[in-house]
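A quick write-up on the structure given underneath.
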Amino acid sequence: MQLKFYFDQNKCINCNACVVACKSWNNLDGISYRRVITKENGKFPDVSVENISVSCNHCQEPACQRVCPIDAISKDKENGVVNVNQDKCIGCMKCKEVCSIDAPQFLDKINAKMQKCDFCYDRLGEGKAPICVKACIMRTLKFGTLANN
């Protein structure tokens with residue numbers, strides 16, 4: 001099984017409830033595991049705006065895991081969640097260099113350990129949705145298995 005986030009950008013109103021809930025749940029200050037990116041398209045008068053909610057994709061074959069020199073990044077065999085072992089991470093930032101969506105976060109550049117979305121692993125263990133999904137007032141953000149798309 002591979003868990004994934006599903007996002008319907010047509011419903012997103014850029015309220016950032018997902019971002020705030022994630023930061024609060026994970027006690028984050030200065031970094032964010034989830035971001036809403038606003039992309040403006042076109043030229044006046046033909047303009048449009050897209051909101052895209054982004055966090056770790058928990059890739060099937062994570063590039064971050066492949067480049068980690070000390071195997072601090074692992075993929076859960078049961079649900080596909082990509083996790084980082086804080087005790088092993090040396091903060092080399094190789095994972096950040098290869099991630100196309102900038103999911104690995106580092107609070108500072110000195111003595112930093114990689115942090116990222118862990119799919120609210122503690123909530124998953126209780127049979128609950130990740131906090132960002134629960135907080136999404138427009139039900140734009142959902143999660144499920146890869147086969148559920």
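Of note:
- Annotation: the chain has a Kirkwood hydrodynamic radius of 16.3 angstrom, from the mean reciprocal C-alpha pair distance.
- Ascending count of other beta-carbon atoms within 10 Å, so fewest first, for Asp87, Asp8, Asp118: Asp87, Asp8, Asp118
- Calculated [222 nm] ellipticity per residue, helices only, for the chain: -4500 deg cm²/dmol; basis is -39500 (n - 2.57) per DSSP H run with n ≥ 4, divided by all residues, nearest 500.
- Taking 32 Å as the limit for the C-alpha separation, the pairs Lys43/Lys116; Lys39/Lys113; Lys75/Lys134 exceed it in the case of Lys43/Lys116.
- For segment 77-91, 3J(HN,Hα) computed residue by residue from phi via the Karplus equation (6.51, -1.76, 1.60; θ = phi - 60°) reads 5, 7, 10, x, 5, 8, 10, 10, 8, 4, 6, 8, 4, 9, x Hz, glycine and proline entered as x.
- Fewest-first sequence of Leu124, Leu146, Leu107, Leu141 by Cβ atoms within 10 Å of each Cβ: Leu146, Leu107, Leu124, Leu141
- Under the convention that each Lys and Arg Cβ holds +1 and each Asp and Glu Cβ holds -1, the size of the dipole of segment 3-148 around its Cα centre is about 120 debye.
- Ranked list, fewest to most other Cβ atoms within 10 Å of each Cβ, for Phe5, Phe44: Phe44, Phe5
Just so you know, all these numbers are worked out from the coordinates, no wet-lab data involved. Predicted model, so just to flag it, every value in this text is computed and none were measured. Here the Cβ is made from the backbone with ideal geometry for all residues, glycine too, and neighbour counts use every protein chain on show.
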